[in-house]
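The values are calculated or read from the model by the stated rules, or taken from the named source; none is laboratory data. What you are looking at is a predicted structure, and each value in this text was computed from that prediction instead of being measured. For neighbour counting, all protein chains shown are included, and Cβ atoms are generated from backbone atoms with ideal geometry for every residue, glycine included.
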Amino acid sequence: MKSMKPLLVVLAGLFVLILIIPALLVSPFISQSNGRLEEDLKQKEKQEKPLETKSGVTVSVYRTAQGKVENVPLEDYVFGVVAAEMPADFEEEALKAQALAARTFIVKKLSGESRMATPAGSKADVTDTVVHQVYKNKGEWKKIWGSDYDWRAQKVLTAVAETTGQILTYKNQPITASFFSTSNGYTENSEDYWPNAIPYLRSVESAWDKESPKFYNQQIFTVADFERKLGVKLSSAETIGTVTKRTSSNRVASVDIGGKTLTGRDVRDKLQLRSTDFAWTRKDGNIVIQTKGYGHGVGMSQYGANFMAKDGKTYKEIVGHYYNGTTLAAADPFLTKLTAQQ
């Protein structure tokens with residue numbers, strides 16, 4: 001019987017090892033799986049919860065399609081603007097630059113202008129259109145993005161969260177953080193499109209934009225449509241008009257058409273062209289207009305920002321390039337004042 005005891009001990013040990021070894025092999029994978037699941041749940045929770053700020057400032061947005069006013073926490077508003085104004089598949093640093101521009105825009109708006117009356121019979125800070133900044137809420141993005149909602153929302157959420165509390169200032173005041181899609185290779189001086197010269201909205205090179213899918217465009221008008229929209233009369237079957245002045249970024253500043261002077265912006269607005277960098281020809285009885293770039297050209301080029309990010313530039317370098325001489329500053333001093341007013 002004594003000789004059996006060592007054998008029983010060995011067998012018992014083997015049995016214990018048989019039970020333990022599979023658990024040891026599987027436990028790291030279970031741990032990793034649980035870790036991933038926990039992280040996924042955290043990310044999902046972040047997407048569903050409002051982005052909180054110390055200030056508690058809300059933005060009253062007039063929802064044009066719904067005809068009502070929606071009160072939105074500031075950072076949720078920035079999320080909705082970034083998602084609407086820049087593709088979510090852009091580089092993270094470009095999205096951060098967009099978040100910074102969007103937040104700066106609304107902080108400046110809230111700080112300096114009275115609320116506007118709306119058709120809904122109430123007052124709002126901004127509309128949800130290009131008049132201010134395009135905005136859609138998370139519920140709308142869930143419908144628009146569908147199965148892509150999680151990854152797209154997370155990218156935008158990260159960009160907003162990692163710039164929370166930051167705005168751009170010039171001489172200790174929030175700037176007019178204008179932006180647009182694609183330049184013609186250079187951004188535009190503010191006074192060449194708007195009435196006033198703004199020191200941080202200077203023309204800068206943006207050569208990356210030539211790679212944008214929106215760099216070139218062509219539109220065709222009948223002669224009658226062209227004349228009607230511009231309020232002109234073409235003098236012959238060959239001529240259209242003469243460019244009389246260009247801006248420093250080679251966009252059209254003014255043209256003469258049949259003795260009538262129009263600004264490049266007039267032509268762009270009335271014909272709904274993509275850019276004020278345009279050239280026209282007559283072909284088969286039509287007016288063919290080719291443009292370079294997309295948007296007013298003042299401030300940050302969004303495609304330029306994306307290409308800069310692909311080249312390894314940070315969002316701070318991006319905004320520093322397009323908003324020359326500005327400072328990255330804390331939003332809290334301005335938000336604190338707004339909280340007291342709300």
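Structure notes:
- Here SER114 passes the criteria (1) modelled with pLDDT under 95; (2) under 30 Å from HIS321 (Cα atoms) except the one numbered (2).
- Considering residues of region 209-237 that are polar (S, T, N, Q) and within 14 Å of ILE257 (Cα to Cα) only, the residue modelled with the lowest pLDDT: SER236
- Only one of LYS96, LYS123, LYS108 that is under 16 Å from VAL72 (Cβ atoms) and of a type in the set (D, E, K, R): LYS123
- For region 72-113, a residue qualifies if it is among the acidic types (Asp, Glu) and under 19 Å from LYS171 (Cα atoms), and exactly one does: GLU113.
- Against the list (1) over 20 Å from TYR193 (Cβ atoms); (2) part of a strand (DSSP E or B), the condition SER254 fails is (1).
- In region 260-272, the residues that are in contact (Cβ under 8 Å) with a residue 24 or more places away in the chain reach residues that are of a type in the set (Ser, Thr, Tyr) and in a strand (DSSP E or B) with C-beta atoms within less than 8 angstrom, at least six apart or across chains, in these pairs: LEU262/SER254.
- Condition check for PRO195: modelled with pLDDT under 95 and not assigned by TED's automatic domain parsing to the domain that holds ASN71: yes
- Residues of region 209-265 satisfying the condition of being small (Gly, Ala, Ser) and farther than 16 Å from ALA279 by Cα: SER212, ALA224, GLY231, SER235, SER236, ALA237, SER248, GLY258, GLY259
- Filtered by the rule that a residue be among the aliphatic types (A, V, I, L, M) and outside any helix (DSSP H, G or I), region 156-179 gives ILE167, LEU168, ILE175, ALA177.
- Just one of the listed residues (ARG115, ARG103) is of a type in the set (Lys, Arg) and under 11 Å from the mean Cα position of the chain (by Cα), and it is ARG103.
- Pairs meeting the criteria (first residue in region 113-132 and within 11 Å of VAL69 (Cα to Cα), second residue aliphatic (A, V, I, L, M) and part of a loop (DSSP other than H, G, I, E, B), beta carbons under 9 Å, at least 6 apart or on different chains) are ASP128/ALA65; ASP128/VAL134.
- Scan of region 238-251 for residues that are assigned to a strand (DSSP E or B), β-branched (Val, Ile, Thr) and exposed (fewer than 14 other Cβ atoms within 10 Å of the Cβ), ordered by number: THR242, THR244
- Tally of residues being touching a residue at least 40 places away in the same chain (Cβ under 8 Å) and surrounded by fewer than 18 Cβ atoms within 10 Å (Cβ to Cβ) across region 304-335: 9
- Selected residue (only one of SER301, SER249 is in the same structural domain as ALA161 (by TED's automatic domain parsing), touching a residue at least 12 places away in the same chain (Cβ under 8 Å) and in contact with a strand residue (DSSP E or B) (Cβ under 8 Å, 6 or more places away or on another chain)): SER301
- Filtering region 205-214 to residues that are buried (at least 18 other Cβ atoms within 10 Å of the Cβ) and either closer than 10 Å to MET300 by Cα or out of contact with any helix residue (DSSP H, G or I) (no Cβ under 6 Å at 6 or more places or on another chain) (or both) leaves only SER206.
- Search result, residues across region 182-237 that are of a type in the set (Phe, Trp, Tyr) and assigned to a loop (DSSP other than H, G, I, E, B): TYR193, TRP194, TYR200, PHE215
Here's the yes/no breakdown for (1) more than 21 Å from the chain's Cα centre (by Cα); (2) farther than 26 Å from PRO87 by Cβ; (3) buried (at least 16 other Cβ atoms within 10 Å of the Cβ):
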site: GLU188; (1), (2), (3): no, no, yes
site: LEU201; (1), (2), (3): no, no, yes
site: VAL223; (1), (2), (3): yes, yes, no
site: ARG228; (1), (2), (3): yes, yes, no
site: LEU262; (1), (2), (3): yes, yes, yes
site: ASP266; (1), (2), (3): yes, yes, yes
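- Residues in region 265-305 that are of a type in the set (D, E, K, R) and modelled with pLDDT under 95 were compared, and the one that is farthest from ASN184 (Cα to Cα) is ASP284.
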